[in-house]
């Protein structure tokens, strides 16, 4: 079982007590990636929610002709892949490591099942997610604007 | 004193002014409310004498070709008895006591001028207390009180009660359950804004979450030098101002009405209170917001992609 | 030299005391978030006390926030660091092992 330490400081699980982190830690696995490695691609089925424990992950979207644009950068304690918890459960961007990275991967279906049974876990995570996604929305819009207006 | 009528009442009135016999079930369907709600409101409007349902006759179609406006000067100590008698005459369509040179103004219809003359000579002038009368022939009716439609902008907007059904129109809110919806409805209020008015500004402290009941709002962001770019819009049944329940509760965009719009303003404090009482609610509320915001994010990303696809210059890094 | 059980009890006592009144010159404070009506409650396996599911929040000036369930604080009061959460994962009950040194760090008890 993963140490609770790794999850405790993450932005998405902020507010959960050890009791609630323990089952999540049980379902989680750790993974390591090299610089330049892809974790998942845009439009892949969203199977996992990820927390970065070390390194740097870039979230990218395809803009045609094989080109990609960075829409988000996630570092330690940050999370990505939240589409695993929000319908329709497909990743809205690809995730690639820009340096050697370690992540914790939590299966979306198991986390959702845990949420169904436990309102506190669900509401804490959802509340954090809503704030995170909202911040991403603002950033994306600012990017859009800077493109439109130079 | 103005009776407290809200947006729903006004819409009911507008529909009944088109057709006073329109069934409650129809009105309910048109407004997206329950029949019971319409029935209850209509009863109140009738009991409070806000409206009256009646048949409006077109005099010309029943051979009453002479219409006149008659103004009467009277001995004011007898005015009550005089108006009572005038109102009792079947030819008289309306009687009013007024200020100015003339004390009473009335409208009446007759088959012929001869009968108008007889009316004045034999029935009006003979009433004790009537001093003088002046008569104007109506040459052509352009607009008649029976066909007057309540101008929504003029009628005093007073109460702004939110019916629970209005919240249920949003499918995710509906999942909160009747009791919670009723409580939220009780503490929310309706706000109506005209085209061009702003519901909130970017960087305002967000206090309410809004559900659009009808109309449409443009979402805008500052792009420097006082200019704003439209980044999206929200319409019926959609939510905006969700920042009110997030951290920090600061609006991330400006919302401006593209047309006359009515929104349901739900104070964030009400949602937070409910969330603390039962975290299942919080789960639902947050899921609702996460889904809504993630849809907007998807849209923003598509827009970004679309813009960049058309661009020849190399962009970003892989 | 304190035993582990004594250290655990000292931690619990510090938390409960700080909840009532922040100790003078302390670098932390303790607040409590009440359980909601939807949260499941449980009973202590040792003394049967009711544990509604409240959450204690220790906020330390430099270390930040630490959330502890009422279960955790209660079992610490019994001198224990190991307790069942009540969750079951793949048929196995999920338990928590509290790290005394880590918690002491939040309460300036080293």
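The mean sequence separation of alpha-carbon pairs under 8 Å and at least six residues apart, normalised by the residue count of chain B, gives a relative contact order of 15 percent.
By its C-alpha gyration tensor, with a ≥ b ≥ c as the square roots of the eigenvalues, how is segment C:1-75 shaped: rounded for a/c under 1.5, else prolate for a/b larger than b/c, else oblate?
Verdict is oblate for segment C:1-75.
For the segment A:26-36, counting C-beta atoms of other chains within 10 Å of every residue's C-beta and taking the mean gives 1. Computed over the Cα atoms of chain B, pair by distinct pair, the Kirkwood hydrodynamic radius stands at 24.5 angstrom. Put a dot 7 Å past the Cα of residue B:178, heading toward its Cβ, do the same for residue B:236, and the two dots end up 2.5 nm apart. Full-extension gain between residue B:17 and residue B:259, please, as 0.36 nm times their residue separation minus the C-alpha to C-alpha distance. Going from the current span to full extension adds 84.8 nm. Quick check: the distance between the Cα centres of segment B:292-307 and segment C:36-110, to the nearest angstrom? One Cα centre to the other: 41 Å.
Checking the a/c ratio against 1.5 first, then a/b against b/c, what shape does the Cα gyration tensor give for segment B:22-93?
Here segment B:22-93 falls in the oblate category.
To the nearest ten degrees, helix A:18-27 and the longest principal axis of the Cα atoms of chain A are 70 degrees apart.
Hey, with R₀ at 51 Å, roughly what FRET efficiency would residue B:307 and residue B:187 work out to, going by the Cβ-Cβ distance, to 0.05? Rounded to the nearest 0.05, the efficiency is 0.75.
Just need the relative contact order of chain C here, percent rounded to a whole number, with Cα pairs under 8 Å and 6+ apart.
Computed over chain C, the figure is 28 percent.
The angle between the Cα long axis of helix B:178-187 and the longest principal axis of the Cα atoms of chain B comes to about 70 degrees, rounded to the nearest 10.
Once the Cβ-Cβ distance of residue B:137 and residue B:216 is raised to the sixth power relative to R0 = 41 Å, the FRET efficiency obtained is 0.25.
Report the gain in length on full extension from residue B:148 to residue B:229: 0.36 nm times residue separation, minus Cα-Cα distance, nm rounded to one decimal. Walk me through the numbers before you get to the answer.
Values: separation 81, 0.36 × 81 = 29.16 nm, distance 4.13 nm.
Gain on stretching residue B:148 to residue B:229: 25.0 nm.
Inter-part distance, segment A:104-132 to segment B:76-104, computed on C-alpha centroids, equals 74 Å.
From the Cα gyration tensor of segment B:137-278, with a ≥ b ≥ c the square roots of its eigenvalues, which class applies: rounded if a/c is under 1.5, or else prolate if a/b is larger than b/c, or else oblate? Before the final figure, lay out each step's value.
Details: a/c = 2.83, a/b = 1.42, b/c = 2.00.
Oblate shape, in that a/c is at least 1.5 and b/c is the bigger or equal ratio.
Principal-axis analysis of the Cα atoms of chain B puts helix B:268-277 at an angle of about 60° to the longest axis. Normalised by the number of residues in chain A, the average gap of Cα pairs under 8 Å and 6 or more apart makes the relative contact order 30 percent. Modelled label positions at residue B:69 and residue B:113, each set 7 Å beyond Cα in the direction of Cβ, lie 2.0 nm from each other.
Taken along the Cα-to-beta-carbon direction at a fixed 7 Å, the label points for residue B:78 and residue C:21 span 9.0 nm.
If I stretch the segment between residue A:73 and residue A:54 completely, what's the gain in nm (0.36 nm per residue apart, minus their alpha carbon distance), one decimal?
5.5 nm
Helix content alone sets the calculated 222 nm mean residue ellipticity of chain B: runs of n ≥ 4 DSSP H residues at -39500 (n - 2.57) each, divided across all residues, give -10500 deg cm²/dmol.
We did not get these values from a lab; they are worked out from the coordinates using the rules stated. Note that the structure is a prediction, hence the values are computed from the model and not measured. We place every Cβ from the backbone using ideal geometry, glycine too, and count neighbours over all the protein chains shown.
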